[in-house]
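Peer 1: There's a structure below that I have some questions on.
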Amino acid sequence: MEDSSFKKAAFLDVLLASSDLSHDDKVTFVLDSLLAGYETTSVLLSMLVYFVGHSPKCLEQLKREHESIRSSKGTEEFLTAEDYKKMEYTQRVINETLRCGNVVKFVHRRALKDVRYKGYVIPAGWKLLPVLSSVHLDPALYPNPQELDPGRWEGLNQTAGKKFAPFGGGLRLFPGSELGKVEAAFFLHHLVHCYR
Ligand code: HEM
């Protein structure tokens, strides 16, 4: 029997029917979901397929890691946070793909006061676009920067900082970076485990 107190509705219907949110809030919600949430993740997953597809060594190592995780679980059993912690090599592949692929090329900032930097003055009010890819592909920071080499992350702090900022930085650092990485890691798990 159908429960009349529980009506199924599409996400957009719920959003449009809300009287708590302003029109601008609703538009922001849709744009954030489509652009910030959907586009970024799908580009990251496409790049993972591209890079892993071009590196048989990397694919082999990924397979070993994920087969070892799967061997301790039932075929239909879901992955857990504990499994995620074991995906060390996968993390390196994701970081390296974020570095080489540069899903987000730059972030938006505005100078709140005059800023002096290396002899230049950035006047208050100017808009700044820090280009993340120029850091990620700088040969002084990453030898052979165009080469996908997950091994370069071995023993390194893999969290974001000034040299690695795929999720931006400062006060507006993207708060869902771990969600994006979990999605990518679980996608890789199913890809390398189930495909061929
Ligand atoms: C997985 C790949 C993703 C990457 C590389 C990425 C990257 C970024 C970057 C660079 C920013 C700007 C941070 C800054 O200005 O310093 C950002 C902001 C944001 N991202 Fe993500 N993101 C990803 C996934 C997602 C997902 C899955 C969602 C939603 C579910 C999302 C929602 C947002 C939102 C709402 C903001 C604006 C935050 C704010 O300015 O307060 N992103 N993201």
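Peer 1: Considering only protein heavy atoms, what per residue accessible area in square angstrom results for the chain with a 1.4 angstrom probe? Walk me through the intermediate numbers first.
Peer 2: Numbers: 13740 Å² over 196 residues.
That works out to 70 Å² for each residue.
Peer 1: In addition: Enumerate the residues in the range 73-110 having an amide nitrogen under 12 Å from the point lying 7 Å beyond the Cα of residue 120 toward its Cβ.
Peer 2: none
Peer 1: So what's the back-of-envelope 222 nm ellipticity for the chain, counting only DSSP H runs of four-plus at -39500 (n - 2.57) apiece and dividing by all residues, rounded to 500? Walk me through the intermediate numbers first.
Peer 2: On the way: 8 runs with 88 residues, N = 196.
Dividing the helical sum by the residues of the chain leaves -13500 deg cm²/dmol.
Peer 1: While we're on this one: Can you pull the one-decimal nm distance between simple spin-label points at residue 57 and residue 28, each 7 Å off the Cα toward Cβ?
Peer 2: About 4.7 nm, to one decimal.
Peer 1: Have a look at 142, 84, 117 and tell me which one the Gaussian network model of the chain (Cα, springs below 10 Å) gives the largest fluctuation.
Peer 2: Sorting by GNM fluctuation, first place goes to 117.
Peer 1: When the chain is modelled as a GNM with alpha-carbon springs shorter than 10 Å, which of 11, 164, 51 fluctuates the most?
Peer 2: Top of the fluctuation ranking is 11.
Peer 1: Any chance you could tell me what percent of the C-alpha pair distances in the range 10-112 go past 18 Å?
Peer 2: Values: 3475 of 5253 pairs.
So the pairs more than 18 Å apart make up 66 percent of the total in the range 10-112.
Peer 1: Still on this structure, please answer the following. Rank these by accessible area, largest first, 1.4 Å probe: 100, 194, 58. Don't skip to the end; give the middle numbers.
Peer 2: Values: 100 25, 194 90, 58 0 Å².
Descending accessible area places them as 194, 100, 58.
Peer 1: Using a 1.4 angstrom probe on heavy atoms only, work out the carbon and sulfur share of the accessible area of the chain in %.
Peer 2: 60
Peer 1: Where a ≥ b ≥ c are the square roots of the eigenvalues of the C-alpha gyration tensor, would you call the chain rounded, which needs a/c under 1.5, or, failing that, prolate if a/b is larger than b/c, or oblate? Numbers along the way, then the final one.
Peer 2: Details: a/c = 2.56, a/b = 1.04, b/c = 2.45.
Because a/c hits 1.5 or more and a/b fails to exceed b/c, the chain counts as oblate.
The values are calculated or read from the model by the stated rules, or taken from the named source; none is laboratory data. All of these numbers come straight from a predicted model, not from anything done at the bench. Positions of Cβ are backbone-derived with ideal geometry, glycine not excepted, and every protein chain shown enters the neighbour counts. Just so you know, the surface numbers come from the protein's heavy atoms only, side chains and all, with ligands and any DNA or RNA stripped out. Shrake-Rupley method; radii C 1.70, N 1.55, O 1.52, S 1.80 Å.
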